[in-house]
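See structure below.
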Amino acid sequence: MRYLITFACYGVRLHGDESGSVDRLQNQAGSPVLEARPGRVASERRLMDQSPYSLDEDRRAGVLAAILEVCSHREWILLAAHVRTSHVHAVVEADVEPEKIMADFKVYASRRLNRTGFEDPARKRWARHGSTRWLWKDEDVRSAVRYVVEEQGEPMAVYEAGII
């Protein structure tokens, strides 16, 4: 199966902010995006016990290397990835559920960042979950790869397999 996986850095996108989000209690395909609610954003920010996390150039390169490593280790096929300052997108072909892939990406990336000594290993780096979209058709995969590689603005840490 092929998936588009997206996850954000800790504290970067809060429920109720202007960029939109889906309430985790109603997170079903086609769920409406929450309206901007500054009060909810302020409430969520007060609940945070660490500052928001962002990825600079060195951290982005490390996260991309970790994604490539886990895909090689698990024998998953990475079709595309783009590690941004605030979030990560990946298009992956694998024979496991997308939640497992996302969890492994976060674990491997955190482990690599810990080894580099950028910050304390107790640092929260990732939002609790993310988005996992199943890509049923070849055209869905091509569109997802194009979105990940070409439609994110200025390229940062990008990988494209070029086999679609």
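Bear in mind these aren't lab numbers, they're just calculated from the coordinates by the rules spelled out. What you see is a predicted model, and the numbers here were worked out from it, not measured in a lab. In this analysis, Cβ positions are derived from the backbone assuming ideal geometry, glycine residues included, and neighbour counts consider all displayed protein chains.
So what J values fall out for region 80-88 if you push phi through Karplus, 6.51 cos²θ - 1.76 cosθ + 1.60 with θ = phi - 60°, rounded to Hz, Gly and Pro as x?
Values per residue, Gly and Pro as x: 6, 8, 9, 9, 9, 4, 10, 6, 10 Hz.
List, in order, the whole-Hz ³J(HN,Hα) value for each residue of region 108-121 obtained from phi through the Karplus relation with A = 6.51, B = -1.76, C = 1.60 and θ = phi - 60°; use x for Gly and Pro.
Result, rounded to whole Hz: 4, 5, 5, 4, 5, 5, 4, 5, 6, x, 4, 7, 4, x.
Check Ala157: other-chain or 5+ apart residues with amide H under 5 Å from its amide H, H built from backbone geometry?
The answer is Val83.
Listed highest first by mean packing, meaning other Cβ atoms within 10 Å per residue, what order do 81-88, 148-155 come in? Intermediate values should be presented prior to the final figure.
Values: 81-88: 21.6, 148-155: 12.9.
Order by mean packing, descending: 81-88, 148-155.
Nearest 20 debye, what's the magnitude of the dipole of region 58-151 about its Cα centre given +1 on Lys and Arg Cβ and -1 on Asp and Glu Cβ? Could you put the intermediate results ahead of the total?
On the way: 17 positive and 15 negative charges, 108 e Å.
That gives region 58-151 a dipole magnitude of about 520 debye.
Pull up all non-local amide H partners of Val12: gap of 5 or more, or a different chain, and H-to-H distance under 5 Å with H placed in the peptide plane.
Counting only residues 5 or more places away or on other chains, the set is Tyr53.
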